Amino acid sequence: MPKQIDLKSSVESKGKTVTQIITFMGGTKKTIKGVISSSISQGQFTKFNTTDGRLVMVNDQNVLCVEVFSEE
């Protein structure tokens with residue numbers, strides 16, 4: 001069985017915890033604080049955990065832009 005490569009999210013370079021502002025089609029924006037950058041898993045739905053225990057899933061088809069800010 002071939003070894004899988006960890007395709008780490010580029011968000012990890014911003015720090016262990018970040019704030020993300022996600023802009024959806026239609027112009028709606030959602031600010032999510034306390035995103036644990038190492039927990040980000042990308043696919044049809046991008047999934048990540050927050051420091052307050054939430055699991056967030058975002059349908060990538062509906063996203064226009066994601067802004068990332070370090071919390072450190």
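Among the listed residues VAL66, VAL11, which satisfies the condition of being in a helix (DSSP H, G or I), surrounded by 14 or more Cβ atoms within 10 Å (Cβ to Cβ) and at pLDDT below 95? Quick ask: steps written out before the conclusion?
On the way: VAL66 fails: in a helix (DSSP H, G or I).
One residue alone meets the criteria, VAL11.
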Matching residues in segment 34-56 - criterion: being in contact with a strand residue (DSSP E or B) (Cβ under 7 Å, 6 or more places away or on another chain), of a type outside the set (Val, Ile, Thr) and within 16 Å of VAL11 (Cα to Cα): GLY34, SER37, SER39, SER41, LYS47, PHE48, ASN49
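Look at segment 35-62 and say how many of its residues are charged (D, E, K, R) and part of a strand (DSSP E or B). Before the answer, list the steps.
Taking segment 35-62 as the starting set, the residues that turn out to be charged (D, E, K, R) are 47, 52, 54, 60.
Cutting the leftovers down to part of a strand (DSSP E or B) gives us 47.
Within segment 35-62, residues that are charged (D, E, K, R) and part of a strand (DSSP E or B) number 1.
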Every residue from segment 38-50 that is surrounded by 13 or more Cβ atoms within 10 Å (Cβ to Cβ) and over 11 Å from the mean Cα position of the chain (by Cα): none
Condition met for THR31 (touching a strand residue (DSSP E or B) at 6+ places or on another chain (Cβ under 6 Å), closer than 20 Å to SER13 by Cβ, hydroxyl-bearing (Ser, Thr, Tyr) and outside any loop (DSSP other than H, G, I, E, B)): no
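The values are calculated or read from the model by the stated rules, or taken from the named source; none is laboratory data. This one's a predicted model, so the numbers in the text were calculated from it and none came from an experiment. Please note: Cβ atoms are built from the backbone with ideal geometry, for glycine as well, and neighbour counts cover all protein chains shown.
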